[in-house]
Amino acid sequence: MAYDFDLFVIGAGSGGVRAARFAAGFGARVAVAESRYLGGTCVNVGCVPKKLLVYGAHYAEDIGQAQGYGWTIDGATFDWKTLIANKNREIQRLNSIYRNLLVDSGVTLLQAHARLVDAHTVEVDGKRYSAEYILVATGGWPQVPDIPGREHAITSNEAFYLESLPRRVLVVGGGYIAVEFASIFHGCGADTTQLYRGELFMRGFDGSLRDHLKDEMIKKGVDLQFNADIARIDKQADGTLLAVLKDGRTLEADCIFYATGRRPMLDGLDLDKAGVALDERGYIAVDDEFRTSVPSILAIGDVIGRVQLTPVALAEGMAVARRLFKPEEYRPVDYAAIPTAVFSLPNLATVGLTEEQARKQGYKVTLFESRFRPMKLTMTESLERSLMKLVVDAETDRVLGCHMAGPDAGEIMQGLAVALKAGATKRVFDETMGIHPTAAEEFVTMRTPAAI
């Protein structure tokens, strides 16, 4: 059968664009349909604008610390509107880059909603297109629990476009989005409270990092409340919001921000009509080569609910393009030892196993920890401390995990991820020369195991 396209991609986020570009580069006829914004969540309402806002929030600390280095900065003020306007301009620039990447690769770009008709057919704006393969890469969407007054809350989608900085903010959630936005709002000057229903936030990260971040955020002035959750939200006559907690307490705020999870964005795709099955969590079920229950329809990225990180979606998109159109270069995605960073203040970064994961998997571990005041802060009044931790297999000496809380943690962890991928041992770390004076050298100078 002759098809209109070899590959039709639904969704122009990180994974979809990567798959489309490289498939076209391998000689395939490719189309992409996108109904929202080019670049997906990461570029528009995710990691890119979030990090720009984190930079903006951190300047408050930089200005305060400058006095210790002889700088007198009088009358410094912050304007939220300027930050948001400049962020918007940068995102528009990136949207144009994504458009050019697709068009210059020879991809047919359709900026409209697409839905599945059958195993080889997609409908866009009333017109049908056939394709040998269809790739669903529509990403995720934030969700707010179904509580009374949920319509008064916002999510990360809306937070990036707030017209003014709220005076009082309640951040609800305990994952990376929640701690990042609590840091952003607080750093920009809002009175910030973070609620989390569990004992301690950042579940899944190393316990030492979780405790360290809690202590540092409290020192900075964020009101952290654990074992706390909202039962309902009431909007008062003056426009302020009243959060009624499940324990009966009430908290007033000008903005209630929810970061309690994301769902796969499957709205209007008509997956059921094409016979595409979902897993028990509501994500698209795929095999190891990203095929759905309909072999000609594939899915990658946040819609499959594996590791919801931009570099992972990129790797999955590349794997699909290679397997379909350049199989001699195909290699499966390796989900082991994926590095990640949390751009809270202070930053967190990690790669490999946590102490808890290593023990659960049966390893006998040796731990190395270093806690110190960063050199940059020694001539300031800041009491912030950094944490670095290595989890080592006591039997083989292989480094199982690296964890850090402190300035530029993500930048430092990227290099360590290469070492872990290569199977580096603690001896290799010990025999590596440090760069002095840097914080990063702590990872190659820790000699004494921590008490267990």
Qualifying lysines (Cα of each under 27 Å from Cα of LYS81; at least 8 residues distant if same chain): LYS50, LYS51, LYS220, LYS235
Å² of accessible area per residue within segment 339-444, as computed with a 1.4 Å probe and no ligands counted: 48
Sites excluded, GluC sites (Glu not before Pro) in DSSP loops with at most 13 other C-beta within 10 Å, longest stretch of the chain: 1-162
Segment 339-444, dipole about Cα centre (Lys/Arg Cβ +1, Asp/Glu Cβ -1), debye to the nearest 20: 200
Cα-based radius of gyration of segment 339-444 once divided by 2.2 N^0.38 Å, which approximates compact folds: 1.07
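Can you compute the FRET efficiency between ALA336 and HIS436 using 1/(1 + (r/R0)^6), with r the Cβ-Cβ distance and R0 = 56 Å? Round to the nearest 0.05.
The calculated FRET efficiency here is 0.95.
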Label-point separation in nm, SER296 to VAL103, each point 7 Å along Cα→Cβ: 3.1
Extension gain, VAL307 back to ASP234 (0.36 nm per residue minus Cα-Cα distance, nm): 22.7 nm
Heavy-atom accessible area order for LEU367, LEU251, largest first, 1.4 Å probe: LEU251, LEU367
Approximate spin-label separation ASP267-ILE147, in nm, with each point projected 7 Å along Cα-to-Cβ: 2.2
All lysines inside 27 Å of LYS273 as judged from Cα atoms, apart from same-chain residues fewer than 8 positions distant: LYS127
Unit charges on C-beta of K, R, D, E only; dipole of the chain, Debye: 240
Nearest-ten-degree value, helix 80-104 long axis tilted from longest Cα axis of the chain: 40
Selection from ALA24, SER293, TRP141, by position along the positive dipole direction of the chain (Cβ): ALA24
Pair ALA394, LEU242: separation of 7 Å Cα→Cβ label points (nm): 5.6
Gain on full stretching of the segment that runs from GLN414 to GLN111 - 0.36 nm per residue minus C-alpha separation: 105.6 nm
Chymotrypsin sites (Phe, Trp or Tyr not before Pro) restricted to DSSP loop in segment 160-198 with at most 15 other C-beta within 10 Å: TYR161
Lysine pairs with alpha-carbon atoms under 19 Å apart, segment 339-444, spacing 8 or more or separate chains: 5
Portion, in percent, of the accessible area of the chain that falls on carbon or sulfur, probe 1.4 Å: 51
Dipole of segment 339-444 [Lys/Arg +1, Asp/Glu -1 at C-beta], most positive-end residue of MET379, ALA341, GLY352: GLY352
All-pairs alpha carbon distance profile, segment 143-260, 5 Å steps from 0, percent: 2, 11, 24, 26, 20, 11, 4, 1, 0
For segment 78-121, accessible area per residue (1.4 Å probe, heavy atoms of protein chains only), Å²: 55
Rounded if a/c under 1.5, otherwise prolate or oblate - segment 77-163, Cα gyration tensor axes: oblate
FRET efficiency estimate (nearest 0.05) - Cβ-Cβ, ALA66 to ARG167, R0 30 angstrom: 0.70
Fully extended contour minus Cα-Cα distance, from THR445 to TYR3, at 0.36 nm per residue: 153.1 nm
Accessible area per residue, Å², segment 150-246 with all protein chains present, probe 1.4 Å: 42
Per-pair calculated FRET efficiency, R0 = 41 Å: LYS360 and LEU383 via Cβ, rounded to 0.05: 0.75
Structure-based [θ]222 nm, the chain - -39500 (n - 2.57) summed over DSSP H runs of at least 4, per residue, nearest 500: -9500 deg cm²/dmol
Selected from SER96, PHE78, LEU271, residue furthest toward positive end of dipole (the chain; charges at beta carbon): SER96
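The values are calculated or read from the model by the stated rules, or taken from the named source; none is laboratory data. What you see is a predicted model; the values in this text were computed from it and never measured. Don't worry about glycine lacking a Cβ; one is built from the backbone with ideal geometry, like all the others, and counts go over all protein chains shown. Accessible surface areas use protein heavy atoms only, side chains included; no ligands, DNA or RNA. Shrake-Rupley method; radii C 1.70, N 1.55, O 1.52, S 1.80 Å.
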